[in-house]
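This report concerns only the one structure given below.
Read-outs throughout are calculated quantities, based only on the coordinates presented, and are distinct from any laboratory measurement. If you're wondering where the values come from, they're calculated on a predicted model, not measured in any experiment. Cβ placement follows ideal geometry from the backbone for every residue including glycine, while neighbour counts extend to all protein chains displayed.
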């Protein structure tokens, strides 16, 4: 069925709203997944693919994250286009708004380090959930069922709330001594 | 049970940790690189996006391209397939013209595909390019350079593809015609500038041209290389298998890209593999080097676990799937998961470093347990769980036996400092069913972890006096250690007793173990030799020391030390020894006098006391031979005069008596007389194990020529030996 110019304009207007609501978040998520890649290009390609299939998609937000994830796999070994005088991780960290107090900043960093040590699927599910994606959307991105996503999030929560194995008996998040008496 | 719910109960530490983690995640999700500043930039970005979408060839444009191609060419695709393929090509060309990654289809490959697989005529190609060029002009984000690159790539790829297709047709005609012209075919293959080889009906390479040998870095004069052994991994071998399966007798079929390596396993090129089938099951394989066109896009590296260097779950599953796809219908495949239930507790009790050590040790044991078994894959699925794919050509029984062995080996005690640790892993195993995927197989194996019987006993750690070597596991892993380049050679200086000048060096082999230790393995090599375990250590050590001898020769000239290699008994009696020595010396362009082989008496004497053939042949090559064990396990002194010996080696047990107190004069007399006897039947005597200046002085007085021992220096890198030689001194 061919679309009329009015249909085309309406679709573009919807897409503009979708783009405005999600572009920035997607770029941040991509740079969180891998600071080394060109997140702008991957995000642009993901949105292009989403626009091409706009009329067919039930959940465009899930689709654009999935497209970005696929694009990341293809581009993950490519160095980002922008030259940076800093180490990529430092540069990325420098762009983040910092919590005001040192103690909170350290707790956050420790917690994020623990997130990075999660198994890949749990890590991805947790990051997408932090961004606000629903379990169904996360399931679309990961290519699994909603129940599996629920299990991933539950397991991640259990691991992140347990004592930090890397701390080796020292202070865990919150500054309290972990006596290991769990 | 408590842990599962604790994080939901306010006031608990778990709840606090989860709240912190959640806050950190939300904070991080809001952070990141700044977005485009204002609405104008967003609008501009959207306009560019819509322009890109519009510039992609619409269905009508693709139909015109397809019509142009079909007008003067007979194509092997249906119209729908052709349009789908052209759409993919167009998207890739648009990306390349805009300076982006074209993915699987750079312009050069598109040109080749048109020429080779679609077999379009030059007229059709010209017609379609006349449509593509104006279309490229419509791409808003494509610059002049990008468009030029695309057009040049299309043209270059097409002409290359046509040349290869014509040659392929001629080669096919040469072998498939009623009167096959084999000499013409062989000559054409040899002259071909592209790497190519001919395979026999059994799949082995029967002829390889010079371009292929150069690509694989193999010797021009040697036999045909084993192409399969030069493919980097299972995925690459699967590409070759698919090409061979798909090859038709009437044309050339391209089936994807693979990475090829040199004889040491170092990747040397990325190639496109095409195959042509001839009569009688023969095949010709052509490789097209695409490394340059892929140079800016690195070949994805497998995700390897940092601690154990095993593939992580994603790549493990990929390898498992490749193995399942390639397995024959009769093969039995089982996937075993092994979980270390005690990982958290070990970490809490001993710390993360010990936990990593345990993981590395377990990984080494699992790898050793399946070493040498065909089509096995080992991976680390998560911090506590390992996966092993096991293939048995005969039955499920073989798989279950292997799983039992895995559990037994992992459960063997391991030593951390002076503590003994015994693990109690959980195991789950699932058999691959027809039609199932690797992911499904792994899910069932993981489920079996929780449904299987609890392993008997709990893990334990206890203090233990002394350390017992993990010999069986090291022995099993030794073969792979050679392949993984984990072995190094160290050299112990041998000095001239008269002036202390370093004139020789004894080679010893050391293994850099996964747990960080470095271990001398000459005893393991001897043990392997004794029990008849076949290792490739012999040719390996000969090549290494000959190469080192050549380097010393270049650096030190006439002062270059001679290298002594200790040859174990079976290897010394093996018929392959002399050809191996000859090959090593020839390849290294080293004089025989720069090498000395040190052997026990059982390796140089037959039972009737006559010299073994190898000793005679080595004499013919003028390779010096030293006799070991004199005085401790050598009894046939009557035969000494019949042996062609450069040197007799006095063992350290006897050298230790050379400075014995006067009360032990008899012990000293034995050593002294043996040195005298040895001096009379050989050109030189070497005393090993010299620890004191008194031993050195006594040995020198007895006319022993050379000495070795801690007094002069222990095993060290070759550079240090060169320094000693250059400085004209020994370490002692």
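More than 21 Å apart: what percent of Cα pairs in region B:40-113 qualify? List each step's numbers first, then the result.
Details: 969 of 2701 pairs.
Within region B:40-113, distances greater than 21 Å cover 36 percent of Cα pairs.
Using 7 Å Cα-to-Cβ label points, what is the residue B:641/residue B:44 separation (nm, one decimal)?
Computed distance between label sites residue B:641 and residue B:44 equals 10.1 nm.
Can you give the extra length, in nm with one decimal, that the chain gains between residue B:314 and residue B:262 once fully stretched, where that is 0.36 nm per residue apart less the Cα-Cα distance?
Extra length available between residue B:314 and residue B:262 comes to 16.1 nm.
In Å, what is the Rg of the alpha-carbon atoms in region B:56-166, and how long is Dmax?
12.7, 38
What is the packing order of peptides B:360-367, B:156-163, A:116-123, taking the mean over residues of other C-beta atoms within 10 Å and listing the highest first? Numbers along the way, then the final one.
Numbers: B:360-367: 22.6, B:156-163: 19.2, A:116-123: 16.1.
Ranking, from highest mean packing down: B:360-367, B:156-163, A:116-123.
Taking one equal scatterer on every alpha-carbon of region A:5-75, how large is log10 of I(q)/I(0) by Debye at q = 0.13 1/Å?
Normalising to I(0) and taking log10 leaves -0.35.
To the nearest Å, what is the center-to-center distance of region B:668-692 and region B:540-605, using C-alpha atoms only?
Taking the Cα centre of region B:540-605 as reference, the centre of region B:668-692 is 23 Å away.
Report the Cα centroid-to-centroid distance between region A:44-64 and region B:215-244 in angstrom, as an integer.
Taking the Cα centre of each part, region A:44-64 and region B:215-244 sit 42 Å apart.
What's the average, rounded to a whole number, of partner chain beta-carbon atoms within 10 Å of each residue's beta-carbon in B:349-360? Provide the component values of the computation, followed by the final result.
Numbers: counts 3, 2, 6, 5, 1, 1, 3, 0, 0, 0, 0, 0.
Per residue, the average neighbour count from other chains is 2.
Quick one: order B:164, B:613 by neighbouring beta-carbon count within 10 Å, fewest to most. Could you put the intermediate results ahead of the total?
Values: B:164 21, B:613 12.
The fewest-first ordering by Cβ neighbours comes to B:613, B:164.
Please average, across the residues of B:70-81, the number of beta carbons from any other chain that are within 10 Å of each residue's own beta carbon, and give a whole number.
Going residue by residue through B:70-81 and averaging, the value is 0.
Sorting B:95, B:518, A:69 on the 10 Å Cβ count, fewest up front, what's the list? Intermediate values should be presented prior to the final figure.
Values: B:95 22, B:518 12, A:69 19.
Ordered by Cβ neighbours within 10 Å, fewest first: B:518, A:69, B:95.
Taking a quarter of the surface of the Cα convex hull of region B:483-727, what do you get in nm²?
It is 13.8 nm².
Figure the gain on full extension for residue B:133 and residue B:621 (residue separation times 0.36 nm, minus the Cα-Cα span) and round it to one decimal in nm. Each step should come with its number before you reach the end.
Details: separation 488, 0.36 × 488 = 175.68 nm, distance 6.88 nm.
Value of the extension gain: 168.8 nm.
For region B:324-387, what is Rg from Cα atoms divided by 2.2 N^0.38 Å, rounded to two decimals? Don't jump to the answer; show the numbers that get you there.
Working: Rg = 14.7 Å, N = 64, 2.2 N^0.38 = 10.7 Å.
Relative to the 2.2 N^0.38 Å estimate, region B:324-387 comes out at 1.37.
How many partner chain Cβ atoms sit within 10 Å of a residue's Cβ in peptide A:153-162, on average, as a whole number?
Average neighbour count from other chains, rounded to a whole number: 6.
By count of other Cβ within 10 Å, fewest leading, how are B:324, B:599, B:373 ordered?
With the fewest neighbours first, B:324, B:599, B:373 line up as B:373, B:324, B:599.
Express in nm, to one decimal, how much length is gained between residue B:291 and residue B:693 on full extension, taking 0.36 nm for each residue of separation and deducting their alpha carbon distance.
That works out to 138.7 nm of additional length.
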